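First up is the structure itself, then whatever we jot down about it.
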Amino acid sequence: MSRETIVLGAGMVGVSIAWHLARRGRSVLLVDRRPPGRETSFGNGGLIQREAVRPYPFPREVGKLLKVLPNRRADIRYSLGGILKAAGPLFSYWRHSASNQHARIIPEYASLIMLSTQEHEPMIEAAGASELVRKEGWLEVYRSAAELDARAEEARDAEQRFGVTHDLLDQAALRQREPRLSERPVGAIHWTNAWSVADPGGLVAAYAELFEREGGRFLQADVRGLSRTGKGWRLETDAGAQEAEEVVVALGPWAGQMLEPLGYRLPTFVKRGYHMHYAAREGQRLHHWLLDAEVGYILAPMSAGIRLTTGAELKPLDAPPDYGQLAAAERVARELYPALGERLDDEPWKGARPCLPDMKPIIGPAPRHDGLWLAFGHGHQGFTLGPATGRLLAEMMEGEAPAVDMTPFRADRFGR
């Protein structure tokens, strides 16, 4: 079993880890119940967010919280059951979102984000996937001058501290870039060194094919259990048992429950989300990925059509879908972009983002088990941070010095 490694989870994070390990000479088996890139990584907004150096905090202002209470918004929806089930992690999330705590977290989080595009670059090239990626940035659109000014100040700070580049657009400049938008927006931030992806699931699938060309193997199977065997690990699946010296858990929203039988009670919770694809009205086109920042949805001109993705829904992972949030976002999106045409999908897609209360992922060794490694909890940025996570975890597993200080991302920061 020397250097035999199993990676659980074939989303952007798991596939990237598997590739980095395989190219270092390990024998790697990648396992997921679905084909690579068909779960959380499939349904996102398709952005590699080099600008996302500030993780999303929990709203703390009384005015913002009161706006959420009616439960009719496009950016945040909730159920009482979802709030109660995740009450502990959500309260911790609220505490970590205090201004002094958030300010401390930002440079730690940014150390990962700053690696994002540079670590995607070699994977895109090696996978032959450049036709899926546009390096023209994206638009964060604002309806009020005060909100735009505040965000512009954050953009200048991000440029000085973390190398984020941007253009500040007034209404006329925004109209030049997107002439089909309504008159509602007063301007936008154009994040210029972020990238967009026309088929997020397709990019993960291309990376998975690259992994297999490196000699890696993929097994599509349901995982039934993970246990120690001798000095290694035994994975039980509906396709039979697999053994390896080391195991990486990169199961996104399902990682926490996978680890519970091993004695880990990590404060995971999920933010669910939805998407739908739309046609554009005849002869019209959306040129850029854009976020309607004060409403909380993304419009993205993807291969399958214009994808509308909602904000966060705080409900249990397996709760039935509720499409009210998507309908609310669609109504506002049609006002912002009147060229939005008919729905193209038979039904909306639903997925979940894996979250931790301090807004940082876990990347590193499990506290109590040799040969068990963890990589999950990336929140909104698993798609952005997959290749960086793959590089960093591979460096740790190989005993090398990681490219950044990994202390802030250790699992034992939540206790042993």
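Collect the residues in the range 229-254 that are surrounded by fewer than 23 Cβ atoms within 10 Å (Cβ to Cβ) and touching a Pro at 6+ places or on another chain (Cβ under 9 Å), keeping them in residue-number order.
TRP254
State the number of residues belonging to the range 99-142 that are surrounded by fewer than 18 Cβ atoms within 10 Å (Cβ to Cβ), within 25 Å of ILE189 (Cβ to Cβ) and small (Gly, Ala, Ser).
Count: 2.
Please find, within the range 157-176, the residue that is farthest from the chain's Cα centre (by Cα) out of those that are surrounded by 16 or more Cβ atoms within 10 Å (Cβ to Cβ) and farther than 14 Å from LEU336 by Cα.
Step by step, filter the range 157-176, then rank; the result is LEU169.
Does ALA244 count as over 30 Å from MET302 (Cβ atoms), among the aliphatic types (A, V, I, L, M) and modelled with pLDDT of 95 or more?
Numbers: over 30 Å from MET302 (Cβ atoms): yes; among the aliphatic types (A, V, I, L, M): yes; modelled with pLDDT of 95 or more: yes.
For ALA244, the condition - over 30 Å from MET302 (Cβ atoms), among the aliphatic types (A, V, I, L, M) and modelled with pLDDT of 95 or more - is met.
Just the residues that are touching a residue at least 24 places away in the same chain (Cβ under 8 Å), farther than 13 Å from ALA250 by Cβ and either of a type in the set (A, V, I, L, M, F, W, C) or outside the structural domain of ALA255 (by TED's automatic domain parsing) (or both), please, taken from the range 390-410. Walk me through how you get there before you give the answer.
Our first condition is that a residue be touching a residue at least 24 places away in the same chain (Cβ under 8 Å); within the range 390-410, this holds for 390-394, 396-398, 403-406, 408-410.
Next, from what is left, pick out any that are farther than 13 Å from ALA250 by Cβ: 391, 396, 398, 403-406, 408-410.
If the condition is that a residue be touching a residue at least 24 places away in the same chain (Cβ under 8 Å), farther than 13 Å from ALA250 by Cβ and either of a type in the set (A, V, I, L, M, F, W, C) or outside the structural domain of ALA255 (by TED's automatic domain parsing) (or both), then MET396, ALA403, VAL404, MET406, PHE409 are the ones that fit.
Out of all the residues in the range 156-173, which are in contact with a Gly (Cβ under 6 Å, 6 or more places away or on another chain) and assigned to a helix (DSSP H, G or I)? Even if it seems obvious, please write down each step before you answer.
First, the residues of the range 156-173 that are in contact with a Gly (Cβ under 6 Å, 6 or more places away or on another chain): 169-171.
Within the range 156-173, just GLN171 meets the criteria.
Determine which member of the set ALA333, ALA375, ALA328 is of a type in the set (A, V, I, L, M, F, W, C), at pLDDT 95 or above and either under 15 Å from the mean Cα position of the chain (by Cα) or under 29 Å from GLU243 (Cα atoms) (or both).
Values: ALA333 fails: either under 15 Å from the mean Cα position of the chain (by Cα) or under 29 Å from GLU243 (Cα atoms) (or both); ALA328 fails: either under 15 Å from the mean Cα position of the chain (by Cα) or under 29 Å from GLU243 (Cα atoms) (or both).
Step by step, each of ALA333, ALA375, ALA328 is checked, and only ALA375 is of a type in the set (A, V, I, L, M, F, W, C), at pLDDT 95 or above and either under 15 Å from the mean Cα position of the chain (by Cα) or under 29 Å from GLU243 (Cα atoms) (or both).
Quick check on the range 22-68: of everything there that is farther than 25 Å from ILE83 by Cβ and without any contact (Cβ under 8 Å) to a residue 24 or more places away in the chain, which residue is surrounded by the fewest Cβ atoms within 10 Å (Cβ to Cβ)?
GLY25
Among the residues of the range 377-416 satisfying the criterion of being of a type in the set (S, T, N, Q) and buried (at least 22 other Cβ atoms within 10 Å of the Cβ), which is farthest from GLN49 (Cα to Cα)?
Going through the range 377-416, the residues of a type in the set (S, T, N, Q) turn out to be 381, 384, 389, 407.
From the residues that got through so far, the ones that are buried (at least 22 other Cβ atoms within 10 Å of the Cβ) too are 381, 384, 389.
Details: GLN381: 8, THR384: 6, THR389: 14 Å.
Per the stated criteria, the residue is THR389.
Out of contact with any helix residue (DSSP H, G or I) (no Cβ under 6 Å at 6 or more places or on another chain) and surrounded by 17 or more Cβ atoms within 10 Å (Cβ to Cβ): which single residue out of LEU226, LEU203, LEU210 fits that description?
On the way: LEU203 fails: out of contact with any helix residue (DSSP H, G or I) (no Cβ under 6 Å at 6 or more places or on another chain); LEU210 fails: out of contact with any helix residue (DSSP H, G or I) (no Cβ under 6 Å at 6 or more places or on another chain).
On inspection, the qualifying residue turns out to be LEU226.
If we only count helices (runs of 4 or more DSSP H) wholly inside the range 61-139, which ones have 1 or more residues that are of a type in the set (S, T, N, Q)? Walk me through how you get there before you give the answer.
On the way: elements: 62-68, 80-85, 87-96, 99-113, 116-127.
In the range 61-139, 87-96, 99-113, 116-127 are the helices (runs of 4 or more DSSP H) which contain 1 or more residues that are of a type in the set (S, T, N, Q).
What pairs come out if I take residues in the range 305-332 that are part of a helix (DSSP H, G or I) and pair them with residues that are at pLDDT below 95 whose C-beta lies under 8 Å away, six or more apart or interchain?
GLY324/ARG72; GLN325/ARG73; GLN325/ALA74; ALA328/ARG72; ALA328/ARG73; ALA328/ALA74; ALA329/ALA74; VAL332/ALA74
Can you tell me which of (1) within 23 Å of the chain's Cα centre (by Cα); (2) over 19 Å from ARG334 (Cα atoms) is the one LEU148 doesn't meet?
If we test LEU148 against (1) within 23 Å of the chain's Cα centre (by Cα); (2) over 19 Å from ARG334 (Cα atoms), just (1) comes out false.
How do the pairs read when you match residues in the range 378-389 that are in contact (Cβ under 8 Å) with a residue 40 or more places away in the chain with residues anywhere that are among the charged types (D, E, K, R), using Cβ under 6 Å and keeping only pairs 6 or more apart or on different chains?
GLY379/ARG353; HIS380/ARG353; PRO387/GLU119; ALA388/GLU119
The values are calculated or read from the model by the stated rules, or taken from the named source; none is laboratory data. Predicted, not measured: the structure shown is a model, and the values here were computed from it. Glycine gets a Cβ as well: all are built from the backbone with ideal geometry, and neighbour counts include every protein chain shown.
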